[in-house]
Amino acid sequence: MEAIIAEHIVKSFGSVQALADISLKVESGEMFFLLGASGCGKTTLLRCIAGLEIPSSGKILFGNQEVTQMPPHKREAAMVFQSYALWPHLTVGQNIAFGLEERKVPKPEIKRRVDEALEMVKLPGFGERSIDQMSGGQQQRVSLARALVVKPKCLLLDEPLSNLDAQLRVEMRREIRRIVKENGLTGIYVTHDQEEALAMADRMAVLHAGTISQVGAPETIYRSPRSAYVANFIGETNLISGNVLDVKERFVLAQTALGPLVARITDPDWLPQSGESIQLSIRPEAWRLHQPSGDNAVQGKIVERSYLGQRIQYWIETAGGRQQVVEMNPHIIHEPGEATIMLHARHDDAIALKS
């Protein structure tokens, strides 16, 4: 599959603009995620790529071929829906074969490809079963097999795991990524589940109000968010307001209610000025519970804790309000009401963002 390119895509539904000048390139063979809160435009963008919606303006290209006005069945892309969209009156095999029958593929070839697709999704021999005999996870595999049997070059997935329980979601994450990579597909996956995206994506785009806030690898988006929205949406964070005192070599010194803090500037197109209002993002796991060493030390008192097995979540009252802290693999459990403790964050773990 060649790259999938969206150029200046605008999509409006009457007076409502769902997408506002979206430009994006998904590389061949990538597992790419469109991520964002409900109503951000991610599903609309996916449907434009699939051909189920026509953009109000802009272009969709598969490689060098423009497909903006091309009907879905000619795009060599297959879509997997949140609802599975399986026909209950047909067997598993008949559901999978439907697209091939529509394409007038000979019956012997249909049987061979249906069996091959069932093997691919680890459901060999299930072709004669009825859909109502299948669990939710198995039905999702059937939906995947139906998409794969037509040998698409691009697999489009619209929140395919949202109806599954937690254990099955984890299992199906691995299966979907395996299928995409083993078959050399380009995968575009829509979700609002940040953990799903972090676990599966090669790269992701975070959408907000019909625009792209940031594109990058999961670790880049998590470690180096370029806006408060991205920092708050991907994972959890403590957002702290401040004013710039000094800027030096892509680090900023800011005065905050917690005291002076040093933070890293992640947006390459932004250089804050002295006196400017900014926000600092510090992840809960970036705060360390220990004695201060240099700057970025904050005094506080534990007011609440939650024991979560491999980690403990604390809420610590400071002069600048509550800070959420996560201790991974804790050896010592601190109790609310203990004596005053100190928090400390490395300069690299505090991120300076525009207010």
Report task. Please work out if A6 is in a strand (DSSP E or B), in contact (Cβ under 8 Å) with a residue 12 or more places away in the chain and aliphatic (A, V, I, L, M). Result -> yes
Query - Residues located in the stretch 54-67, provided they are open to solvent by less than 40 Å² (accessible area, probe 1.4 Å) and without any contact (Cβ under 8 Å) to a residue 60 or more places away in the chain - result: P55, G58, I60, L61, V67
Query - Failed criterion for G210 (all others in (1) out of contact with any Asp or Glu (no Cβ under 9 Å at 6 or more places or on another chain); (2) farther than 23 Å from A85 by Cβ; (3) open to solvent by less than 10 Å² (accessible area, probe 1.4 Å) hold) - result: (1)
Query raised in the report: Right, I341: under 17 Å from R223 (Cα atoms) and either polar (S, T, N, Q) or surrounded by 13 or more Cβ atoms within 10 Å (Cβ to Cβ) (or both) or not?
Result: no
Requested in this report: Might you let me know whether the stretch 88-97 holds any residue that is within 17 Å of the chain's Cα centre (by Cα) and under 28 Å from Q138 (Cα atoms)?
Outcome: no
Report task. List every residue pair whose Cβ atoms lie under 6 Å apart, where the two residues are 6 or more positions apart in sequence or sit on different chains, the first residue falls within the stretch 198-215 and is free of Cβ contacts under 8 Å to residues at least 60 places away in the same chain, and the second residue, located anywhere, is open to solvent by 60 Å² or more (accessible area, probe 1.4 Å) and outside any helix (DSSP H, G or I). Result -> Q214/R226
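Would you be able to say whether some residue in the stretch 43-55 is closer than 30 Å to V206 by Cβ, at pLDDT 90 or above and charged (D, E, K, R)?
Yes, the stretch 43-55 has at least one match.
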**Report entry** Test: residue in the stretch 303-317 that is touching a residue at least 60 places away in the same chain (Cβ under 8 Å) and surrounded by 12 or more Cβ atoms within 10 Å (Cβ to Cβ)
**Finding:** no
Report summary line: Subset of the stretch 192-226, residues at pLDDT below 95 and more than 30 Å from F251 (Cα to Cα), comes to H192, D193, E196
Query raised in the report: What about I332, is it without any contact (Cβ under 8 Å) to a residue 12 or more places away in the chain and farther than 25 Å from I221 by Cα?
Result: yes
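The values are calculated or read from the model by the stated rules, or taken from the named source; none is laboratory data. It should be emphasised that the depicted structure is a prediction, and the values quoted were computed from it without experimental measurement. Here the Cβ is made from the backbone with ideal geometry for all residues, glycine too, and neighbour counts use every protein chain on show. Surface areas here come from the heavy atoms of the whole protein model, side chains and all, with no ligands, DNA or RNA. Shrake-Rupley method; radii C 1.70, N 1.55, O 1.52, S 1.80 Å.
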